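As structure tokens, the structure follows; a few thoughts come after it.
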Amino acid sequence: MPCLFNSFDPYFKQPFGAVRAGQSVHLSLCIPEELGYVDPHLVLQKEGRYDVPVHYRMKFDGQTPHQNHFSVDVTLNDVGLYFYYFDLYTDFRRIVRGPDNCGVVSWQEGESWQITVYESDFETPAPIKGKVFYQIFPDRFCEGVENKPMPFPDRLYQADKHAEPFWQPNEVGGHLNEDYFGGDLKGIQMKLPYLREMGVDYLYLNPIFEAHSNHRYNTADYLNVDPLLGTNEDFEALCAEARKYGIGIVLDGVFSHTGSDSRYFNREGRYGEGGAYRDPNSPYRSWYDFDSKYKGGYRSWWGFETLPEVNEETPSYVEFITGEGGVIDTWLRRGAAGFRLDVADELPDEFIEKVRTAVKRVGPDKFLLGEVWEDATTKFGFDKRRTYLLGKGLDSVMNYPFKNAVLGFVCGRDAGQTMTDILSICEHYPAPALHVLMNFMSTHDTVRAITAIAGESCEGRDRYWQSARRLTPEQYENGRRKYVSQKERQKNETGRKKIRRDAQGRVAALASFEGLPVGVFRGRRHLPFGRGPAHAVCGPGLHTYRRWHTDERHAHRPVGLYHSNGLVPEAGRQGRRRYTGTHHRLCQRGRRPRHRIPQRGACLRRGCKNVHHRRACHRLRHAGQRYVGRDLPFHPPADGRVTHA
């Protein structure tokens with residue numbers, strides 16, 4: 001039976017994807033004659049407590065051999081999520097969403113399609129589109145001031161930069177993360193020329209605020225840089241120097257909880273006799289929820305007593321974070337380009353909206369990213385559907401569904417399901433957010449990509465197991481071939497270099513996803529197998545993959561570069577276009593070029609009759625790549641719609 005409906009196909013649904021409030025949507029059905037008489041209706045329901053399904057009768061558009069065509073136009077004025085299916089109004093039949101997004105006839109209730117309607121004035125910062133992000137875990141990146149004294153006596157300095165981090169539990173079974181390798185802001189500033197040379201446009205830094213662990217997600221002081229990293233003046237100098245290289249700094253904002261060892265809670269007493277834990281009259285007392293029903297006597301993040309949760313609805317806390325002169329305002333005026341909100345799906349929508357107001361008050365080009373691990377439009381929390389991606393909250397989110405789809409595909413998952421998962425994100429997310437998604441293969445919170453591809457799963461494994469595991473050379477090489485899609489350059493008998501392409505390189509074939517795709521580059525200061533701190537790179541359509549130098553604390557130049565429109569970025573772009581353009585002109589003249597077409601992509605010009613060129617096109621199309629000639633430009637659609645070459 002032919003396809004009845006597929007929301008990914010522009011014939012059946014226009015425009016593709018989410019729409020702005022007040023925009024009209026055109027839906028079409030293709031009904032085979034074998035189904036007999038039908039009177040199809042669109043059944044559309046906005047999600048809400050008092051919203052009910054609305055039936056729209058579809059008009060008959062005509063016939064083609066053995067098929068009847070119907071369509072309907074609806075205007076969606078209210079922001080929110082809409083779900084729909086089609087009722088044939090005969091024999092209790094309906095058309096519902098199948099596993100491949102195609103419509104299937106059913107006599108029972110089934111899955112519906114989704115339309116996301118977002119604010120009509122929703123826009124994201126233009127300067128960030130098309131840029132490359134680089135994630136840095138500050139303690140593990142670069143030590144600008146070597147052998148510096150520890151600012152607090154309970155910190156342990158790792159002089160041996162090749163040593164394994166402390167991971168063994170202490171006497172009470174906890175992990176204090178108290179060993180430091182000494183990375184600092186001056187070290188990042190030293191590496192700015194190197195980062196700019198790689199094409200980096202923005203640095204995303206894991207937390208830099210004062211905190212008493214090496215990961216610094218247990219904030220102790222929101223208004224000051226951790227003294228081991230430097231001073232507030234060092235941060236301002238870093239931002240000023242970065243701007244000279246055209247690089248912006250995005251900070252990690254941890255606002256769902258603080259540290260127990262902080263000036264706000266002060267359970268450990270480091271900050272005197274004040275603090276919410278020690279003083280019932282503390283101005284910070286209302287920030288926390290004290291009750292004997294909780295472990296330790298107060299509500300904490302996922303039961304970790306060192307991370308007491310805050311009440312984000314408390315007016316004094318909201319004002320402290322989002323008010324004029326507050327945390328957001330202070331750091332953006334010191335030079336930061338934006339914030340990434342840690343565990344954004346655990347923050348109330350109203351709080352996120354106030355954070356957005358604070359960010360945009362400093363400048364409309366300031367960026368607000370959120371950490372969300374699932375489809376951000378369908379996330380459910382606080383007993384309601386979350387709305388932070390509909391135009392009043394986040395600019396965009398971290399794209400974990402993309403990571404899961406790509407790594408699953410590289411490991412042998414069905415290509416059709418991978419396509420459906422990725423296109424579902426494209427369809428559900430507002431176009432402004434889609435264009436600035438942070439896409440990556442792994443982060444500091446996840447299993448390293450190379451481990452996920454080539455090694456054993458570390459899910460459910462303890463730290464003892466992870467510490468003892470190593471990828472074998474064969475596992476590493478096999479995983480690298482799949483991940484990078486390009487073997488290292490090797491010298492042949494004559495000493496000339498050649499490049500061997502690997503057909504198993506599947507990640508490169510998926511590098512054209514909208515937003516900010518990320519190629520991950522891991523720091524060496526982590527457990528040798530499994531999870532650990534990461535440095536990541538991202539940019540619209542750009543993947544970079546790097547290899548570590550064995551004797552240095554930084555990476556070589558990228559091993560491979562992949563761009564969504566098929567062109568090598570920056571300096572190599574024009575040369576690549578001239579090269580491929582020459583190849584096409586030779587084909588048009590009936591001459592066989594002496595060189596191979598670059599494996600950057602397949603020719604999109606229709607009517608090319610040269611057999612050699614056509615075979616090359618077929619081979620490259622099969623790899624999911626594209627070629628763009630000088631006189632045949634290809635640009636991803638600005639409105640996020642799917643196009644077919």
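The values are calculated or read from the model by the stated rules, or taken from the named source; none is laboratory data. Quick caveat: nothing in here was measured; it's all calculated off a predicted structure. Every residue, glycine among them, receives a Cβ derived from its backbone with ideal geometry; neighbour counts consider all protein chains shown. Accessible surface is based on the protein model in full, side chains and every heavy atom, while ligands, DNA and RNA are left aside. Shrake-Rupley method; radii C 1.70, N 1.55, O 1.52, S 1.80 Å.
Could you please tell me which pairs satisfy a Cβ distance under 7 Å, a separation of 6+ or placement on different chains, a first residue in segment 116-133 that is at pLDDT 90 or above, and a second residue that is open to solvent by 50 Å² or more (accessible area, probe 1.4 Å) and in a loop (DSSP other than H, G, I, E, B)? Between residues of segment 116-133 that are at pLDDT 90 or above and residues that are open to solvent by 50 Å² or more (accessible area, probe 1.4 Å) and in a loop (DSSP other than H, G, I, E, B), the close pairs are Val117/Asp78; Glu119/Lys392; Pro125/Pro364; Pro125/Asp365; Pro127/Asp365. At least 2 residues being among the β-branched types (Val, Ile, Thr) and more than 30 Å from Thr418 (Cβ to Cβ) is the threshold, and among the strands (runs of 3 or more DSSP E) wholly inside segment 45-110 those reaching it are 67-76.
Would you check if there is a residue in segment 178-189 being touching a Ser or Thr at 6+ places or on another chain (Cβ under 9 Å), under 30 Å from His257 (Cβ atoms) and open to solvent by 50 Å² or more (accessible area, probe 1.4 Å)?
To start, the set of residues in segment 178-189 that are touching a Ser or Thr at 6+ places or on another chain (Cβ under 9 Å) comprises 178, 185.
Now narrow it down to the ones that are under 30 Å from His257 (Cβ atoms): 178, 185.
Now drop any that are not open to solvent by 50 Å² or more (accessible area, probe 1.4 Å), which leaves 178.
Within segment 178-189, one or more residues are touching a Ser or Thr at 6+ places or on another chain (Cβ under 9 Å), under 30 Å from His257 (Cβ atoms) and open to solvent by 50 Å² or more (accessible area, probe 1.4 Å).
The residue that is most open to solvent (accessible area, probe 1.4 Å), counting only those in segment 112-139 that are part of a loop (DSSP other than H, G, I, E, B) and over 19 Å from His435 (Cβ atoms), is Ser112.
Elements of the type helices (runs of 4 or more DSSP H) sitting completely within segment 418-473 and holding at least 2 residues that are closer than 30 Å to Glu119 by Cα and open to solvent by less than 10 Å² (accessible area, probe 1.4 Å): these cover 431-434.
The set of residues in segment 447-478 being without any contact (Cβ under 8 Å) to a residue 60 or more places away in the chain and among the charged types (D, E, K, R) consists of Glu456, Glu459, Asp462, Arg470, Glu474, Glu477.
Within segment 328-350, can one find any residue that is surrounded by fewer than 16 Cβ atoms within 10 Å (Cβ to Cβ) and either without any contact (Cβ under 8 Å) to a residue 12 or more places away in the chain or touching a Gly at 6+ places or on another chain (Cβ under 7 Å) (or both)? Looking for residues that are surrounded by fewer than 16 Cβ atoms within 10 Å (Cβ to Cβ) and either without any contact (Cβ under 8 Å) to a residue 12 or more places away in the chain or touching a Gly at 6+ places or on another chain (Cβ under 7 Å) (or both), one finds none in segment 328-350, hence no.
Per-residue answers, yes or no, for (1) over 30 Å from Gly338 (Cα atoms); (2) not hydrophobic (A, V, I, L, M, F, W, C):
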position: Val406; (1), (2): no, no
position: Cys411; (1), (2): yes, no
position: Met419; (1), (2): yes, no
position: Ile425; (1), (2): no, no
position: Tyr429; (1), (2): no, yes
position: Ala433; (1), (2): no, no
position: Val436; (1), (2): no, no
position: Phe440; (1), (2): no, no
position: His444; (1), (2): no, yes
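Per the conditions (1) within 23 Å of the chain's Cα centre (by Cα); (2) over 22 Å from Pro315 (Cβ atoms), the sole criterion not satisfied by Arg356 is (2).
The condition (being crowded, with 24+ Cβ neighbours inside 10 Å, touching a residue at least 12 places away in the same chain (Cβ under 8 Å), on the phi < 0 side of the Ramachandran plot and not in a loop (DSSP other than H, G, I, E, B)) is satisfied by just one residue among Leu223, Leu229, Leu238: Leu238.
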